[in-house]
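Below is one structure, written out as structure tokens; comments come after it.
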Amino acid sequence: MKIQFYLFALGVAATLFVAENGVANPVAANKFCVSTRNFALNFEVGDDGRLYQRAVGTADGNEKLLRTHESYPQAGDGYVWEPALQVVHADGNTSTALFFESVTRTNDDAGRELTQIKLHDPAYPLEVTLNFRADRERDVVEEWTGIIHHESGAVTLERMASTALLLPPKNVYLTHFFGDWAKEMLTPITEQITPGTKVLDSKMGVRADQFQNPSFVLSLDGPPVENSGRVLAGSLEWSGSFQCAFDDNGENIHALCGVNPFASAYHLNPGETFTTPKMIWVWSANGLGEMSRKLHRWARDFGMRDGHKTRAVLLNNWEATGFEFDFSRIVGLYDPAKALGVELFLLDDGWFGNKYPRVNDHAGLGDWQPNRSRLPDGLAPLATEAVKRGLRFGIWMEPEMVNPKSELFEQHPDWVIRQPKRALELQRNQLVLDLTRPKVQAFEWQSIQNILGVPDISYAKWDCNRYLTQPGSSYLAPDRQSHLWIDYVNALYALMDKTAQAFPDTELMLCSGGGGRVDYGALKYFHEFWPSDNTDPTQRVPMQWDYSYFFPPMAIASHVTHWGNRPMHFACSVAMSARFGMDLDLNKLSAQDKAICAGAISAYKRIRDVTQLGDLYRLENPHEGFRGALDFVSPDRARTVVFVFQLKDGPQSPVHPQGLDPAKNYTIHELNPAPGRAAIPQEGKTFTGEVLMRDGIVPSCAHAVEASVIELGS
Ligand code: GLA
């Protein structure tokens, strides 16, 4: 194991432990770094005993260390900018001073080293551990903080960042993604960080996203571009209120990310450890494309479930039937689905509730018993019928929620999150159950087991259709109300973890009224996420492009629907570039549309090992030009699939694939060509990768809402 560290006798004794196979060996060092193949976080213990950091990407390690270089700055003892840690001690002292104690490194996994830097406050028994797990090959560092104390009573954490990464003072650009329901991630914004504090955050409690995803890009060589320049992606593993603050103090910039300190003071008892969510950093010196490919590889290995298994073709009934269905209407969808090549059927909302049937979104949430008039024999026969016809069966659930019009709410009105003395505020006619309450945890876990335990259910969509607006818990003590934001999310993760462990073969889709919960905190328990209720393919092209900066396309659910009334060929082509599904009444499709869907399904089955397990290259940015283009390259570089999505009329100019092996031969074949369009000029011809990357391929599309999917095979 190679470790880069520097020995400097700066008068402060420091210890670096180097470990093989989990055994730590101490080495004295006052300068050390957390490093991957191409990335390093350089730390230094100052003459004053505090821990400092050199700005990311800066070569000079000799410039004078100032307080503005502090690694995990603390409030109240001289640091006057945005702190990473703000503590009120048991005796009321509002200052904290952290001094370096030791650093250990554990080779906990091949190529994934864990570095732990211990800091302590000499005036108080308070210890902070900065943790870094460095993935050498993928240039990914996961970072988180642990806080423990042994004071005479609880200390209050007012701020507790996961990271306080140091960046150079000038020429740093931040790219972040604004949205809203049905526009998630659709508005990328790139801006230079300037003196002052730029904050990206969410105060919605049970979802991180809706307006702002907790993922962003920092670029050090001007606004980021696809194939050059130093870029650092950041993504916080947290599905609740978060804050990312970019604090430019004129000397340098701290990127402080973690749980949102807003209304979240956390009272930590002596001996308890507070562990922050993890922050993911991914480095590339060659632009956004390489950054994403590294992050996708990391995600397939560690950030999601079954990242090395291709995904089945799914048919959902939501857009087709809404709440209007019963046993025979659903079973009537199976045979046409199977005939088209569908592999998995997902039954959406509307299958439960008896006293208050779930026939619309006003009632029934929380009463997870199948509706007796719609499904007289429960869910099992629906699932069994599907399996008999060669389809897998999946089910929708929203375990965290309740309608006031439900038996659950009648029996347990105190189980919901609300503020006493305030008029109850509903969103989509529903309330959030208070997951900090053990009885609610037990109820949700029992409901999940009852649903997923039905024989032949092998897929579930876990929804969350509102966020917190009145954050009160009748379970938490009055002086612990501010714990709700954090304790909720941790209880949710415990539930998701139990679900993943108890149902290892059940695939899970993460949904939140569209894309409200797209983050790596939750995704690790799931196989995919629902990026948005907006399935208009013209909107999905830029939306999926933006998500792909951070998330592998195999995790991005993309369903063919009638949203936007786009041509079926275009809709299918867009969905095929991610995790393909359909949300259509197949019985109502024209013969031509059916044939297009069947062709898309069979093409998807042919290419899914490339699009899902291969590397993504973003070729033409749909936000900028008249079309969007991507290609995927198989791990052995023998096969490639090129997608071209025409958003406006434009010239039929060649698209230039990337990532091919220059020396390999590739034969060109357009998949599922649109009816009535001429074959592409290079159809059936063979060229070397070098020629294809240089000269490009002329796609069959030239007009708005046309697409071309081209396979390059060897
Ligand atoms: C949310 C989801 C939809 C659908 C409905 C059902 O809005 O995003 O896909 O499942 O709930 O109520």
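The values are calculated or read from the model by the stated rules, or taken from the named source; none is laboratory data. Everything quoted here is computed from the prediction, not taken from an experiment. Don't worry about glycine lacking a Cβ; one is built from the backbone with ideal geometry, like all the others, and counts go over all protein chains shown.
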From the options ASP108, ASP121, ASP77, residue that is out of contact with any strand residue (DSSP E or B) (no Cβ under 6 Å at 6 or more places or on another chain) and surrounded by fewer than 18 Cβ atoms within 10 Å (Cβ to Cβ)
ASP77
Pick from the stretch 533-561, criterion small (Gly, Ala, Ser) and assigned to a strand (DSSP E or B), ranking: nearest to GLU507 (Cα to Cα)
ALA557
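Specify which of the listed residues (TYR525, TYR547, TYR520) is away from the ligand (no atom under 16 Å from the Cβ) and buried (at least 22 other Cβ atoms within 10 Å of the Cβ).
On the way: TYR525 fails: buried (at least 22 other Cβ atoms within 10 Å of the Cβ); TYR547 fails: away from the ligand (no atom under 16 Å from the Cβ).
Criteria check complete, one pass: TYR520.
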Do you know which of the residues in the stretch 280-306 that are crowded, with 18+ Cβ neighbours inside 10 Å and among the aliphatic types (A, V, I, L, M) is nearest to the ligand (Cβ to nearest atom)?
MET304
Residue count, the stretch 357-399, condition within 14 Å of SER447 (Cβ to Cβ), hydrophobic (A, V, I, L, M, F, W, C) and more than 30 Å from the chain's Cα centre (by Cα), comes to 1
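Could you look through the stretch 78-96, keep only residues that are assigned to a loop (DSSP other than H, G, I, E, B) and touching a residue at least 40 places away in the same chain (Cβ under 8 Å), and pick out the one that is farthest from ALA161 (Cα to Cα)?
Looking only at the stretch 78-96, we keep the residues that are assigned to a loop (DSSP other than H, G, I, E, B), and these are 78-84, 89-96.
Next, from what is left, pick out any that are touching a residue at least 40 places away in the same chain (Cβ under 8 Å): 81-84, 89-91.
Working: TRP81: 14, GLU82: 11, PRO83: 8, ALA84: 5, HIS89: 17, ALA90: 20, ASP91: 23 Å.
Restricting to residues being assigned to a loop (DSSP other than H, G, I, E, B) and touching a residue at least 40 places away in the same chain (Cβ under 8 Å), the top hit is ASP91.
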So which residues in the stretch 639-654 are modelled with pLDDT of 95 or more, under 19 Å from ASP695 (Cα atoms) and either more than 28 Å from the chain's Cα centre (by Cα) or small (Gly, Ala, Ser) (or both)?
SER653, PRO654
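For every residue, the table says whether it meets (1) out of contact with any Phe, Trp or Tyr (no Cβ under 9 Å at 6 or more places or on another chain); (2) over 23 Å from THR187 (Cα atoms); (3) not polar (S, T, N, Q).
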| position | (1), (2), (3) |
| --- | --- |
| ASP536 | no, no, yes |
| ALA555 | no, no, yes |
| VAL560 | no, no, yes |
| TRP563 | yes, no, yes |
| GLY599 | yes, yes, yes |
| ARG606 | yes, yes, yes |
Scan the stretch 265-273 and tell me whether some residue there is under 15 Å from the mean Cα position of the chain (by Cα), polar (S, T, N, Q) and assigned to a loop (DSSP other than H, G, I, E, B).
no
Which one is farthest from the ligand (Cβ to nearest atom) among residues in the stretch 406-442 that are at positive phi and of a type in the set (Lys, Arg)?
LYS421
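If you check THR129, THR175, THR163, THR156, which single one turns out to be surrounded by 23 or more Cβ atoms within 10 Å (Cβ to Cβ) and in the same structural domain as PRO277 (by TED's automatic domain parsing)?
Criteria check complete, one pass: THR163.
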Members of the stretch 15-59 found to be at pLDDT below 95, within 17 Å of ASN131 (Cα to Cα) and of a type in the set (Ser, Thr, Tyr), listed by number
THR15, SER35
Anything in the stretch 443-469 that is acidic (Asp, Glu), more than 16 Å from the ligand (Cβ to nearest atom) and on the phi < 0 side of the Ramachandran plot? List them, or say none.
GLU444
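Test of understanding: among ARG418, ARG428, which residue is at pLDDT 95 or above, among the basic types (Lys, Arg), outside the structural domain of GLY364 (by TED's automatic domain parsing) and touching a Gly at 6+ places or on another chain (Cβ under 6 Å)?
Values: ARG428 fails: touching a Gly at 6+ places or on another chain (Cβ under 6 Å).
Only one candidate passes the filter, namely ARG418.
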Scanning the stretch 46-63 for residues that are of a type outside the set (A, V, I, L, M) and either in contact with a Gly (Cβ under 7 Å, 6 or more places away or on another chain) or touching a residue at least 60 places away in the same chain (Cβ under 8 Å) (or both), the one surrounded by the fewest Cβ atoms within 10 Å (Cβ to Cβ) turns out to be ASP47
Of (1) crowded, with 22+ Cβ neighbours inside 10 Å; (2) part of a helix (DSSP H, G or I); (3) not aromatic (Phe, Trp, Tyr), GLY564 satisfies all except one. Which?
(1)
Out of THR129, THR104, which single residue is of a type in the set (Val, Ile, Thr) and at pLDDT 95 or above?
THR129
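Please indicate, with yes or no, whether at least one residue in the stretch 502-511 is under 16 Å from GLY240 (Cβ atoms), part of a helix (DSSP H, G or I), more than 16 Å from the ligand (Cβ to nearest atom) and out of contact with any Gly (no Cβ under 7 Å at 6 or more places or on another chain).
Just the residues of the stretch 502-511 that are under 16 Å from GLY240 (Cβ atoms), to begin with: 510.
Still in the list and also part of a helix (DSSP H, G or I): none.
So far as the stretch 502-511 goes, no, none of its residues is under 16 Å from GLY240 (Cβ atoms), part of a helix (DSSP H, G or I), more than 16 Å from the ligand (Cβ to nearest atom) and out of contact with any Gly (no Cβ under 7 Å at 6 or more places or on another chain).
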